[in-house]
Amino acid sequence: MVILHSNGELDQWLAAAPGPVHFVPTMGGLHRGHQQLIRAACGPGARVLVSVFVNPTQFAAGEDFTTYPRHADGDGQKAGAAGADAIWFPAVADIYDDAKAGHAKAGPQLKPSLIRTLCGPCRPGHFEGVLMVMERLLERVRPALVAMGEKDWQQLTVLRHCLPAFYEGRCRLLPVPVVREEDGLPHSSRNSRLSPAQRRQAALLPQALGNAEAAVQGGERRATVLEQLVRAPLESAGLPVDYVQLVNPLTLQPCPHLDGVAMLGVAAHVGPARLLDHKFLLSRKPIIAIDGPAGTGKSTVTRLLAGRLGLLHLDTGAMYRAVAWLMLERQQPIRPDGTLQQLLDAMELRLVWGDHGQQVICINGVDVSDAIRLPRITATVPRVAALPQVRQVLTRQQRAFGQQGGLVSEGRDMGTAVFPQAELKVYLTATAAERARRRAADMTQRGQAPPPLATLEAQIAERDHLDRTRTEAPLRPAEDGVVVATDDISVEQVVDKLEELFRQRVSYEGWPGGHH
Ligand code: DC
């Protein structure tokens, strides 16, 4: 492993080989958590660079800048053992060459809402300093990927939303799960400053967070109560608490009531060290809502994403199709009337999931999983789906599935009407021509002969029009949903993108997910 000091040495190393650089910025005092970041940053064809820089601009007056642990020799050895190709120890002047104090050039704009909670109020200027140093480090290194720990969740969130290289997509920010010691305390460089007795006290942080989790399992949802369950044991042990706060993990806004997934963060002082920890609290398993018109790759994307995250794939279009099948079977006129209500009241719609997560759908005891894909159903279902009586019955059943969560649910009104509380709401789009091409390929795969593309495009346009203009739960993106255009990217890339969006809202510790 190469050891670099000046900017000149760094530039030589960067120029010495082509290919991407994956970057792990640290403040040194490397431990197993950092080593996990380095291992996560390793990838085929990429060189991994670790930087060690105790950044003066992120410490306020009176904080521990001078006493922050510095162990250059140990750092080099640990970085090499974890697979780093080079470790860079810039001097302050290498980073802040434009001014002694480093304040001459303003950093990127912080979103004020992201620092109104958690560490923001306790550490004025801290996140400005973090943003400033990261912008400069990225300018010098120009990495393709940066690995950062989920332990400092607020830092991760601030950088993701405020650093142009990340939100403009020039560099990928890879979040890495927290690594904990045996007693649950997250690895942190500052742990090395604790005496054995203080080190034992520090374990109270994860223990206290565990109290809150147990209370959630017992039905507690009030933030004030959950926060007090963490604060009380720390204060009883004489540890000064900076904050205990339940927040929305994406927006970092306070969450008065746990509904779904929230993050409970704590900062407390143990001897010379200010320690952070957090726990993701779940009142149910996560829900992802995926909407969009036909032919955007919704089904494939939803199936793959559900597999990756260990969630169930709920295809609500199949439910509308099953009702359409039943109405055609019974020669039920497709309009709202009394006999329709009778049919719906007597209907038994059952969903079961096979070993590979595939949804099997039975209506009144008949397995219609294949029959609902026939063109005559596809042609009829938009009119069926526009009937308020049908929507009411199916929406109720879908919401019942959602009570426990654990779903990636696809349809037309998932984020807007059925699961407005979903952790992630996505709206997939694609041009009509592209969707027609995909529909044709899909039909061919099912052994059906597709009509000419122009005809398909016209049919798709007509179905979309019906879905978008119906009065009941029309197809449209949720206000707080993310629109993802799928034209020029592969299915895998769409799934990667959605997984990344999910991980901005739910940590690996909070929901470890399935297999890759
Ligand atoms: O996704 P799909 O083609 O299987 O959907 C079949 C029809 O059902 C389509 O016209 C839209 C409608 N639908 C709906 O209105 N609401 C849903 N949640 C899912 C599907």
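No lab work stands behind these numbers, since they all come straight from the coordinates. Bear in mind the structure is a predicted one, so any value in this text is a computation, not a measurement. Counting neighbours? That spans all protein chains shown, and the Cβs are built from the backbone with ideal geometry, glycine included.
Observations, loosely collected:
- Around V158: net Lys/Arg minus Asp/Glu count, Cβ-Cβ under 11 Å: 0
- In plain terms, the residue of V323, V266, V54 with the fewest other Cβ atoms within 10 Å comes first and the most crowded comes last, giving V54, V266, V323.
- Hydrodynamic estimate: the Kirkwood radius of region 276-368 over Cα pairs, inserted into Stokes-Einstein at 4 °C and 1.567 mPa s, corresponds to D of 82 µm²/s.
- Among the chymotrypsin sites (Phe, Trp or Tyr not before Pro) in region 411-516, those located in a DSSP loop and surrounded by at most 15 other Cβ atoms within 10 Å of their own Cβ are Y508.
- Of the residues K111, K78, K425, the one with the fewest other Cβ atoms within 10 Å heads the list, and the complete ranking is K111, K78, K425.
- Other-chain or far-sequence residues with amide H under 5 Å of Y243's (modelled H): A267
- Rounded Å value of the spacing that divides the Cα centres of region 442-491 and region 292-331: 13
- Among the listed pairs K78/K425; K151/K285; K111/K298; K78/K111; K151/K497, those beyond 29 Å (Cα-Cα): K78/K425; K111/K298; K78/K111
- Semi-axis lengths (Å, descending) of the ellipsoid that matches the C-alpha gyration tensor of the chain: 49, 28, 18
- With contacts taken as Cα pairs under 8 Å at a separation of at least 6 residues, region 213-265 carries a relative contact order of 34 percent.
- Our summary gives region 140-246 a relative contact order of 18 percent, counting only alpha carbon pairs under 8 angstrom and 6 or more residues apart.
- By the count of neighbouring beta-carbon atoms within 10 Å, fewest first, W88, W153 end up ordered W153, W88.
- Karplus-based coupling profile of region 408-422, in residue order and whole Hz: 10, 10, 10, x, 10, 9, 5, x, 8, 10, 8, 10, x, 8, 4, with θ = phi - 60° in 6.51 cos²θ - 1.76 cosθ + 1.60 and x standing for Gly or Pro.
- Our summary gives the chain a relative contact order of 13 percent, counting only alpha carbon pairs under 8 angstrom and 6 or more residues apart.
- A cut-off of 5 Å between modelled amide H atoms, ignoring neighbours fewer than 5 places along the same chain, links W88 with L4, V50, S51, V52.
- Per-residue HN-Hα couplings for region 424-436 [Karplus 6.51, -1.76, 1.60; θ = phi - 60°; Hz; x = Gly/Pro]: 9, 10, 10, 10, 8, 10, 6, 5, 4, 4, 5, 5, 5
- Helices in the chain, meaning DSSP H runs of at least 4 residues, each add -39500 (n - 2.57). Divided by all residues, the mean residue ellipticity at 222 nm is -12500 deg cm²/dmol.
- Share of pairwise Cα separations in region 37-78, more than 16 Å, in percent: 54
- Loop-located GluC sites (Glu not before Pro) in region 151-221 whose Cβ has at most 14 other Cβ within 10 Å (DSSP): E168, E182
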